[in-house]
Number of protein chains: 2
Amino acid sequence: MSSLDDRSKVAIVEAASLSYPVGARRELQTEGQAIRSPLLLLNGWAARVRVLHDGRRQFISFVLPGDIMGHYTYPDPVATSTVVALTDVQVCPLPDSTELPDLERAYSISGALDEACLVAQIIRLGRFTARERILDLIIELFERLSLAGLVEGNSFAFPLTQEITADALGLTSVHVNRMVQQSRRIGELCWIAGQITLPDLPSLRSAIDRSTTTVRPWSALPPMPVAPSRN
Amino acid sequence: MSSLDDRSKVAIVEAASLSYPVGARRELQTEGQAIRSPLLLLNGWAARVRVLHDGRRQFISFVLPGDIMGHYTYPDPVATSTVVALTDVQVCPLPDSTELPDLERAYSISGALDEACLVAQIIRLGRFTARERILDLIIELFERLSLAGLVEGNSFAFPLTQEITADALGLTSVHVNRMVQQSRRIGELCWIAGQITLPDLPSLRSAIDRSTTTVRPWSALPPMPVAPSRN
DNA sequence: CGCTGGTTTGATCTTTCTCAAGCCGTGTGG
DNA sequence: CCACACGGCTTGAGAAAGATCAAACCAGCG
C-alpha cells in the first residue's frame, strides 16, 4: 500500500474523472508516434505488442489496472512499442507529478516494476520450458492482480485467449492448449471460461523457479484508484 | 552526439578520475542488494544475468562502454539483477545529476534505450529463429558500439564466447556454433578470434526484421567519456 | 609437455511447430 | 425456432528446430 499525500490523491481522483473508454483491439499508443499524454489504465487489460513484417507477433508485457503507459521523463518522448487494448478498457491521462514528490516516487517505482516484468519475460522466453512459461506468467499476473485487488481467494478473471497467451510466451496456441490440458489433468491449474483458479499457489510457485522475480509489495499506486467496489 | 553543458562535462571527467578496474567474472552489482552508487562503465563489457536454481543461465542484456547500471530514481534502490563483468572492465561512480539538467536528461534517455534493448531481447527470444537471434544481437551490438566509437569500418572486437552468446539467446552453444558456421559459409558473418566483421550490414539488416528495434541516434553520453584515443 | 578454455563434429533424442480437421458455444438473421 | 457463421478450443499425424551427450580438436600458456 503506497502512502500518497492528500494533494496527490486529489490529483488522481481528478484525473480519473477525465477517464474515457477504449474498445478492445484499439491502440492506446502507437510505436514510433509521439506521446500526447501518458496514460493510466483504470480498468480492463492492455498489452505492449510488436508485430514483425511476416506477421509473427510478440506480446512484450501486459498492462493491468493501475499500470501506467508512456511515462518517459525526457523531452518529446516517443512510444517504444504499440499498446493495444485486449478488452474494453477505461483510461485517463496520467496526472502530472511535478510538484508532487509522492506521485513522482510512485511513478518511479512503477517504472522499476515494469522493468522487472520485462526481465521476468526474458527469463521465461530464454530459459523456461513451455509448461514453466505458462505457469510462471499466470503466477505473475496473479500476483500483480492481487496487488490491484482483483483476485478473489485463489481465482481471478483471465480474459486472454490461448492464442494471445501463446504470442506472449513465444509458443503456438496448439502447444499452449496441450500444456494447459496437462496442467488441468494434474489439477495444478483450473482455467475455464475466462477464469483461472490456482488450487495450490505455494506448491506451484516452488515448482517453478521464480527466484527473485517475485513482485515486491511496493505497489505503485493505491489499488484500483477508482474501483467501483472499494472506496 | 548529446550536447552537455560544461558543468556536466566537468562532472563526468571528475567521476572518471575516480575510475577503478574490476576483473572479468567479478560482480559489479548483486541482485537483491542495495545499490551503493550507480556506476558508469568506461571500458570493457559487462552483462546483466540471472541464474536459475538448476543452473540454467540467462543473460538479460549487455552493458557496453558508456552505459550506466543501477541508476534508479526512487529512494533506497535495490539491484533488480546481477551485473557481472565479462571482460576486465573499468568503472566509475555515476556523477550525481541533481542540479545538472543536461545529465538528468542524458540518464533518462539512457534508461529509455536500455528499455528498448530489453524489448528487442524479448522479440529475439520470443519470435526469432536461432539464425535471426544471433545476427540480430550482433547487429544491435554493432550499432551500440558504433555509437560509442568502438567500430572500425565494419568490424569490432567481440569478447563473448559462443557459450555466453548462447546463454544470451536462449540457445545451446552447440547450436550457436552450427548456425555461426553456416553464416560464415554464406559469407554474411566473419567471427574469428574475438573479432567480428559484417561484410554487408545493409543486406544483413534487411534480411533480419529489426523493424523499429533500431537504436536511435540519441546517444546518452558522449562517446567514450574518457577514451584514450579521442578527446 | 600437458593443462585449460573454447571451438568443432557426429549421432540421437525431445520439444515444439505445422497443417489440417473437427468440435463447441454463442449470436444473428431468416 | 432453426441454420449457420464465427471465434476459440481440441485433437491427430508428421516434420523441423534445437537439445543432449560425448568426444575430438586446437591454441595459448605455465
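The values are calculated or read from the model by the stated rules, or taken from the named source; none is laboratory data. Source: prediction; values computed, not measured. When we count neighbours, we look across all protein chains shown, and the Cβ atoms used for this are built from the backbone with ideal geometry, even at glycine. SASA here: full protein model, heavy atoms, side chains in, ligands and nucleic acids out. Shrake-Rupley method; radii C 1.70, N 1.55, O 1.52, S 1.80 Å.
Some notes on this structure:
- Tilt relative to chain A, helix A:6-16 - C-alpha long axis, 0 to 90 degrees, to 10: 70 degrees
- In plain terms, the chain from B:His53 to B:Leu18 could stretch by 9.0 nm, reckoned as 0.36 nm per residue minus the Cα-Cα distance.
- Position B:Glu163, label points 7 Å along Cα→Cβ, spacing to each other copy in nm (shortest first, one decimal): 4.4
- Förster radius 45 Å - calculated FRET efficiency between A:Val78 and A:Arg185 (Cβ-Cβ, nearest 0.05): 0.45
- Principal-axis tilt of helix A:130-147 within chain A, Cα atoms, nearest 10 degrees: 30 degrees
- Largest GNM mean-square fluctuation across A:Thr80, A:Thr161, A:Thr98, computed for chain A with C-alpha springs under 10 Å, falls on A:Thr98.
- Model label points for A:Arg36 and A:Thr172, set 7 angstrom from Cα along the Cα-to-Cβ axis, are 4.1 nm apart.
- Centre separation in Å (Cα based) which lies between segment B:78-93 and segment A:29-90: 30 Å
- Placing a label point 7 Å from Cα along the Cα-to-Cβ direction at B:Pro77 gives distances to the equivalent points in the other copies of 1.6 nm, listed shortest first.
- At 7 Å out from Cα toward Cβ: B:Pro199 inter-copy label distances (nm, ascending): 6.0
- Restricting the calculation to Cα atoms, every distinct pair contributes to the Kirkwood radius of segment A:6-213, found to be 18.1 Å.
- A helix-only calculation puts chain A at -12000 deg cm²/dmol for mean residue ellipticity at 222 nm, using -39500 (n - 2.57) for each DSSP H run of at least four residues, averaged over all residues.
- Fraction of accessible area attributable to carbon and sulfur, segment A:64-201 (%, probe 1.4 Å): 51 percent
- A Förster radius of 51 Å combined with the Cβ-Cβ distance from B:Val10 to A:Ser203 puts the calculated FRET efficiency at roughly 0.35.
- 10 Å Cβ neighbours from other chains, averaged over peptide A:111-122: 6
- Each of B:Ala193 and B:Ser155 was given a label point 7 Å from its Cα along the Cα-to-Cβ line. The distance between the two points is 0.9 nm.
- In the context of the full set of protein chains, segment B:6-213 has a per residue accessible area of 42 Å² (1.4 Å probe).
- The contact residues of segment B:35-60, meaning those that lose at least 20 Å² of 1.4 Å-probe accessible area when all protein chains sit together rather than their chain alone, are B:Arg48, B:Arg50, B:Leu52, B:His53, B:Arg56, B:Gln58, B:Ile60.
- Between B and A, accessible area buried - total, square angstrom, nearest 100, 1.4 angstrom probe: 3700 Å²
- Measuring heavy-atom accessible area with a 1.4 angstrom probe and counting protein chains only, the residues of segment A:127-145 that give up at least 30 Å² relative to the chain alone are A:Arg127.
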